[in-house]
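Undergrad: The following block contains the structure, expressed as structure tokens.
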Amino acid sequence: MKNRWSWILRNFLEFYTLTLPVGPVLVPSKPAAIYPRKGATGFSASSTAEEATQGLDGTGLTAIVTGASSGIGTETARVLGLRGVHVVMGVRNLTAGRGVKETIVRQNPNAKIDAMELDLSSMASVRKFAADFKSSGLPLNILM
Ligand SMILES: *[C@@H]1O[C@H](CO)[C@@H](O)[C@H](O)[C@H]1NC(C)=O
């Protein structure tokens, strides 16, 4: 217990004390200890999807990526497409999803990307998506 606390103190609670006009302010002196540069996988919170999938060949795999019409979902779809994975984007807004698909395919004409309507807040939508996906005959290797 004593060791654990001293480890926590060493790694998380080292601060500089800055004296600002408002008074003394504690500033972490080792932010890298709170967000380690690399974990056991060799990657960290600042690693990109491209770095994490470098050298991987996803040809023949199919992934369903939910929420792919924005943010991290879009980036996930783009990078899986870059690695040869057939990506089925489950999107609430099919117009937005098709736009994302066009953008990805413009950058990488080999990308296999489909956009299908999916609203995870609606069980009917989930069932319809699942039925449509099953009838496509594609395998499901990755679900995100
Ligand atoms: C769907 O996406 C399109 C294109 O991004 C946008 O113009 C439209 O407002 C969106 N519709 C809804 C209901 O959010």
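Each reported figure results from applying straightforward, stated rules to the coordinates on display, with no laboratory input. All figures in this text were calculated on a predicted structure; none of them were measured in a lab. Neighbour counts run over all protein chains shown; Cβ positions are idealised from the backbone, glycine included.
Undergrad: When you count, for each residue, the other Cβ atoms within 10 Å and take the mean per peptide, how do 114-120, 124-130 rank with the highest first?
TA: Highest mean packing first, the order is 114-120, 124-130.
Undergrad: Can you figure out the FRET efficiency of ASP132 with GLU50, using R₀ = 25 Å and their beta-carbon distance, to the nearest 0.05?
TA: 0.25
Undergrad: Hey, with R₀ at 22 Å, roughly what FRET efficiency would SER122 and ILE142 work out to, going by the Cβ-Cβ distance, to 0.05?
TA: 0.45
Undergrad: Amide H neighbours of VAL88 under 5 Å, counting only residues 5+ apart in sequence or on other chains, H built in-plane at 1.01 Å?
TA: Sorted by chain and number, the residues that satisfy this are ALA63, ILE64, VAL65, ASP114.
Undergrad: OK, next. Once you have the Cα-Cα distance between THR95 and GLN107, take 0.36 nm times their residue separation minus that, and quote the gain in nm to one decimal.
TA: 2.4 nm
Undergrad: Under a cut-off of 18 Å between alpha-carbon atoms, report the aspartates and glutamates in cross-link reach of LYS112, not counting same-chain residues fewer than 8 places apart.
TA: Excluding near neighbours in sequence, the set is GLU50, ASP57, GLU75, GLU102, ASP132.
Undergrad: Let me ask another. For the stretch 48-59, in order, what is each residue's ³J(HN,Hα) by Karplus, 6.51 cos²θ - 1.76 cosθ + 1.60 with θ = phi - 60°, in whole Hz (x at glycine and Pro)?
TA: 8, 4, 5, 5, 5, 10, 3, x, 8, 10, x, 4
Undergrad: If you plug each phi of the stretch 125-142 into the Karplus form 6.51 cos²θ - 1.76 cosθ + 1.60 with θ = phi - 60°, what whole-Hz ³J(HN,Hα) values come out, in order, with x for Gly and Pro?
TA: 5, 4, 5, 5, 4, 4, 5, 5, 5, 4, 6, 6, x, 6, x, 10, 9, 9
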